[in-house]
Amino acid sequence: MLRSLKILLSASTSPPTRCCSGFVSKIRYVNRLKEDDEACAAALQSSRIFLFHRLSPLLQRTEQGTFRPPALNFTDVQAILERLGADRILLKESALIGCSDQNQAQFCLDIGELNQAAVEEACEGNFIDLRKAFFLLTGAEAPLVAKGQALLRWHQTNGFCSATGRPTHRNQAGSQRVCSSSGIVYYPKMSPVVIVLVSDGKRCLLGRQSSFPRGMYSALAGFCDIGETLEETLSREVAEEVGLEVHSVSYSSSQHWPFPHSSFMLGCHASVSPAHTQVNVDHTELEDARWFSLEEISTALQVKTPPRRGEPPVLWLPPKHAIANRLIIEWMDHQRRNRVGE
């Protein structure tokens, strides 16, 4: 009995990390780096660093013709900075954005004061505007690049306290800023946005803004107003932009989206009555909006690049990293299942 009790007590006092899954271990490791400046500084020494130049990520073309951020470590970046005559202290401005499954910390760093061409030559890559980069990235690094840009932008625009006007100072991980006078702590924020794919049962409704690439249409989206629920925002935006009243709202999934200044996208599906599908576009919100059939959507999903000038316009959809793409594919799969069941 006594021996059994000793075994039980021994098991209960074992370090909790021994029974943690890989996911839990990774999350706790990142959290420790956010809370411990010394541990974070040490992790930076053996990390992977994503470089940006004035918020545009550095990408390399692979042998397969795809694009990905180069695998730069601390020593690589330090050597580049020294070669270009930059102060090593710039590396301390790196911000933590995550870690790999092997618990290698991942940081981002904007080197906007350095010569862009010289860095591109040293890294054998190019700094590409993030909107364009999203159509080039094919791997799981797209969300990391988006997170890195959003975090770097937040630091660039939150150097002063909104209450006192005094400078704010970041922690080593870059996960917060603190007012030097009042001690107020600021954390990166995201603006909630509802994005919805509207269907009349046979077709889906897509819209485009004038700023979109030629031929591109996407799901309708809009920022949440103070005091609104997700459903209220969705109904209001659809009514405002295309003059339709929706029902049968269902939630799909969410996504961080770095545009325009770090949004939290809440993806939904919604239906309208087949008897009331007349679109009345508010041209202050959208350039165009119209219904598309399953066949048109299926064809558009095969288009990999936007139409060039002089070529006939074709329907072009958001990249697969975008939640709009996910909503469209969900709708398409649902339509196909319904046809099989008929």
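The values are calculated or read from the model by the stated rules, or taken from the named source; none is laboratory data. Computed from a predicted model, the values in this text were never measured in an experiment. Note that each Cβ is placed from the backbone with ideal geometry, even for glycine, and that neighbours are counted across all protein chains shown.
Only one of LEU130, LEU136, LEU152, LEU90 is free of Cβ contacts under 8 Å to residues at least 60 places away in the same chain, among the aliphatic types (A, V, I, L, M) and surrounded by 14 or more Cβ atoms within 10 Å (Cβ to Cβ); which?
Testing whether each residue is free of Cβ contacts under 8 Å to residues at least 60 places away in the same chain, among the aliphatic types (A, V, I, L, M) and surrounded by 14 or more Cβ atoms within 10 Å (Cβ to Cβ) leaves just LEU90.
Might you check whether a residue that is touching a Pro at 6+ places or on another chain (Cβ under 6 Å) and in contact (Cβ under 8 Å) with a residue 60 or more places away in the chain occurs anywhere in segment 290-306?
yes
Quick check on this structure: which one of VAL198, VAL238 is touching a Leu at 6+ places or on another chain (Cβ under 6 Å), in contact (Cβ under 8 Å) with a residue 60 or more places away in the chain and either not in a strand (DSSP E or B) or not small (Gly, Ala, Ser) (or both)?
Criteria check complete, one pass: VAL198.
Could you check, for segment 183-190, whether at least one of its residues is surrounded by 14 or more Cβ atoms within 10 Å (Cβ to Cβ) and either over 30 Å from ALA42 (Cα atoms) or without any contact (Cβ under 8 Å) to a residue 24 or more places away in the chain (or both)?
Yes.
Select from segment 221-254 the residues that are among the β-branched types (Val, Ile, Thr) and surrounded by 20 or more Cβ atoms within 10 Å (Cβ to Cβ) and write down the one among them that is farthest from ALA275 (Cα to Cα). Break it down into steps so the answer makes sense when it comes.
Of segment 221-254, the ones among the β-branched types (Val, Ile, Thr) are 226, 229, 233, 238, 242, 246, 249.
If we keep only those that are surrounded by 20 or more Cβ atoms within 10 Å (Cβ to Cβ) too, we end up with 233, 238, 242, 246.
Working: THR233: 23, VAL238: 17, VAL242: 15, VAL246: 12 Å.
My answer is THR233.
ALA117: in a loop (DSSP other than H, G, I, E, B) and over 20 Å from ALA173 (Cα atoms), yes or no?
no
Is there a residue in segment 65-75 that is touching a residue at least 40 places away in the same chain (Cβ under 8 Å), within 20 Å of ARG153 (Cβ to Cβ) and either over 26 Å from the mean Cα position of the chain (by Cα) or surrounded by 15 or more Cβ atoms within 10 Å (Cβ to Cβ) (or both)?
So far as segment 65-75 goes, yes, one or more of its residues are touching a residue at least 40 places away in the same chain (Cβ under 8 Å), within 20 Å of ARG153 (Cβ to Cβ) and either over 26 Å from the mean Cα position of the chain (by Cα) or surrounded by 15 or more Cβ atoms within 10 Å (Cβ to Cβ) (or both).
Counting only residues that are among the aliphatic types (A, V, I, L, M) and either in a strand (DSSP E or B) or at pLDDT below 95 (or both), how many does segment 269-299 have? Don't jump to the end; show me each part of the working.
Kept after step one, since they are among the aliphatic types (A, V, I, L, M), are these residues of segment 269-299: 270, 272, 275, 279, 281, 286, 289, 294, 297.
Then keep just the ones that are either in a strand (DSSP E or B) or at pLDDT below 95 (or both); that gives 270, 275, 289.
Of the residues in segment 269-299, 3 are among the aliphatic types (A, V, I, L, M) and either in a strand (DSSP E or B) or at pLDDT below 95 (or both).
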